[in-house]
1. Could you list, in sequence order, the residues of the stretch 248-268 that are farther than 18 Å from F208 by Cα, open to solvent by 10 Å² or more (accessible area, probe 1.4 Å) and either of a type in the set (V, I, T) or in contact with a strand residue (DSSP E or B) (Cβ under 9 Å, 6 or more places away or on another chain) (or both)?
2. Please go through the stretch 22-45 and pick out each residue that is open to solvent by 40 Å² or more (accessible area, probe 1.4 Å), more than 16 Å from A121 (Cβ to Cβ) and free of Cβ contacts under 8 Å to residues at least 60 places away in the same chain.
3. So which of A177, A139, A167 is within 15 Å of the chain's Cα centre (by Cα) and either surrounded by fewer than 16 Cβ atoms within 10 Å (Cβ to Cβ) or within 30 Å of A20 (Cα to Cα) (or both)?
4. I need every pair where a residue in the stretch 149-164 that is not assigned by TED's automatic domain parsing to the domain that holds A88 has its Cβ under 6 Å from the Cβ of a residue that is hydroxyl-bearing (S, T, Y), sequence separation at least 6 or different chains.
5. What are the pairs with Cβ atoms under 7 angstrom where one residue, in the stretch 325-350, is within 17 Å of R406 (Cβ to Cβ) and the other, located anywhere, is polar (S, T, N, Q) and buried (at least 18 other Cβ atoms within 10 Å of the Cβ)? Sequence gap at least six, or different chains.
6. Contact list please: Cβ distance under 9 Å, first residue in the stretch 93-112 and closer than 13 Å to L40 by Cα, second residue of a type in the set (D, E), pairs at least six apart or on different chains.
7. In this structure, is L301 of a type outside the set (K, R), outside any strand (DSSP E or B), open to solvent by 80 Å² or more (accessible area, probe 1.4 Å) and out of contact with any Cys (no Cβ under 6 Å at 6 or more places or on another chain)?
Amino acid sequence: MAGSLAGRHVLLGVSGGIAAYKAAELARGLIKAGATVQALLTEGAAQFVGPATFAGLTGRPAHTGVFTDAHHILHVRLAREADVAVFAPATANLLAKLAVGVADDLVTSTYACLTCPVLLAPAMHTEMWQHQATVDNVATLARRGARVVGPDDGDLAGGDVGPGRLASVDALLAAVAEALAAASGALAGRRVVVTAGPTHEPIDPVRFVGNRSSGKMGFALAVEAARRGSSVDLVTGPTSLADPPGVRVHRVETAVQMRDAVLPLAAGADAVVKAAAVADFRPASYRAQKIKKDADDASQLELVRNPDILAELGQLAGRHRAEGTGAPVLVGFAAETDLEEEHGRDKLRRKGVDLIVVNRVDAVDAGFAVDTNRALVLGADGTRMEVPLVSKAALAAVVWDAVEARLPQDETGAS
Ligand code: CTP
């Protein structure tokens with residue numbers, strides 16, 4: 001971990017809670033790992049631990065006020081210098097201010113200027129942590145991409161015990177290192193599109209043609225891409241999964257709606273990963289009134305083909321590459337029940353994609369609705385990688401590793 005922090009510039013925002021004394025320990029740990037640390041204290045924080053403590057530990061003045069160095073526009077400069085920012089402890093009050101954009105002191109004004117990864121380490125009494133206002137504020141900040149570390153369950157001020165204790169210094173150091181590592185990979189600063197879930201093709205107001213996809217694989221891919229610092233659009237069919245933090249979610253029902261959402265987003269994207277189990281067929285016509293079993297002849301359901309979104313993207317990519325205008329790295333998923341590699345290679349060619357992730361959907365521990373998967377990742381360049389039974393999160397990491405290896409090194413690349 002020391003290696004990943006060495007030479008990096010960490011902004012440490014400290015707000016006013018008893019856990020502020022642990023922020024001094026965090027500053028020390030960061031310095032020991034080779035980082036430079038700029039501490040900023042709210043007025044409340046300075047009541048708990050004086051700026052001299054942080055200045056002594058970091059070798060830099062610990063600022064408290066916007067106006068101490070007004071002609072240098074301190075908050076803007078401090079934000080620009082930061083490779084990563086960690087707010088520890090983050091009180092309920094600080095989280096509320098950050099969530100709504102209040103910038104009334106140096107800590108909050110600097111936050112409002114940050115473009116680097118942000119970590120929030122909440123610490124407060126259980127009642128405050130569990131209050132709906134705090135829950136909503138944390139959700140807002142997480143949706144915007146902040147990493148929330150802790151709080152832990154344990155001893156709190158005043159002899160109370162429960163959730164609300166600042167995460168351990170070790171956990172915070174690891175999270176800072178992890179945020180820095182993710183932000184310096186090839187996916188950082190890129191824009192990717194992920195699809196997830198099934199599509200539902202309506203027959204009448206109560207029935208549809210669909211499949212058993214849960215959306216878990218696509219959501220895991222979106223989460224992993226966001227963790228790597230990418231801007232992520234997730235286009236998902238119907239699922240019961242909540243919006244992942246830091247991801248723009250577009251919810252659709254049908255294959256045609258998915259196509260209409262994906263094509264514009266794919267233009268100019270660096271990668272498109274299509275984990276959605278798109279229905280290949282839809283009812284030829286939609287019956288606006290519920291089909292009645294006695295009054296209607298429902299023994300025949302006429303189906304028509306849906307657009308193949310991935311194949312369309314493959315054709316577009318082929319055209320763009322021929323014109324030398326660049327195209328996103330395209331990844332398809334293939335749900336198979338037999339002859340995995342043969343079908344996978346065939347799909348890779350037919351759809352004109354760069355990578356295909358072949359997964360068996362007929363096993364109890366892989367495929368639909370479960371948290372694990374096993375796969376065969378095939379590349380158009382002839383590569384072949386077997387992924388044993390792993391979590392969908394781990395498979396997502398394998399897929400993005402393969403995408404990163406295929407991203408052109410251009411001016412958009414952060415690496
Ligand atoms: N896909 C798509 N649009 C469709 C059907 C599939 O974009 N109308 C995408 C899926 O998101 C997935 C890949 O194509 O990434 C593979 O889908 P699959 O249904 O397994 O392949 P098919 O080409 O339909 O082949 P088959 O049904 O013969 O297995």
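The values are calculated or read from the model by the stated rules, or taken from the named source; none is laboratory data. Just so it is clear, the structure is predicted and the values come from calculations on it, not from any experiment. Because the Cβ atoms are built from the backbone with ideal geometry, glycine has one as well, and the counts that use them run over all protein chains shown. Ligands, DNA and RNA are excluded from the accessible area calculation, which covers all protein heavy atoms including side chains. Shrake-Rupley method; radii C 1.70, N 1.55, O 1.52, S 1.80 Å.
1. R248, V249, H250, A261, L265, G268
2. I31, K32, T36
3. None of the others qualify; the one that does is A139.
4. Here the result reads none, with nothing in the stretch 149-164 linked to a residue that is hydroxyl-bearing (S, T, Y).
5. The qualifying pairs are F333/N359.
6. D105/E43
7. Considered against the rule, which asks whether it is of a type outside the set (K, R), outside any strand (DSSP E or B), open to solvent by 80 Å² or more (accessible area, probe 1.4 Å) and out of contact with any Cys (no Cβ under 6 Å at 6 or more places or on another chain), L301 comes out as yes.
Conditions tested, residue by residue: (1) of a type in the set (V, I, T); (2) in contact with a helix residue (DSSP H, G or I) (Cβ under 6 Å, 6 or more places away or on another chain); (3) at pLDDT below 95; (4) closer than 20 Å to H9 by Cβ.
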position	(1), (2), (3), (4)
G56	no, no, no, yes
P61	no, yes, yes, yes
H75	no, yes, yes, yes
A85	no, no, no, yes
A92	no, yes, no, no
D105	no, no, yes, no
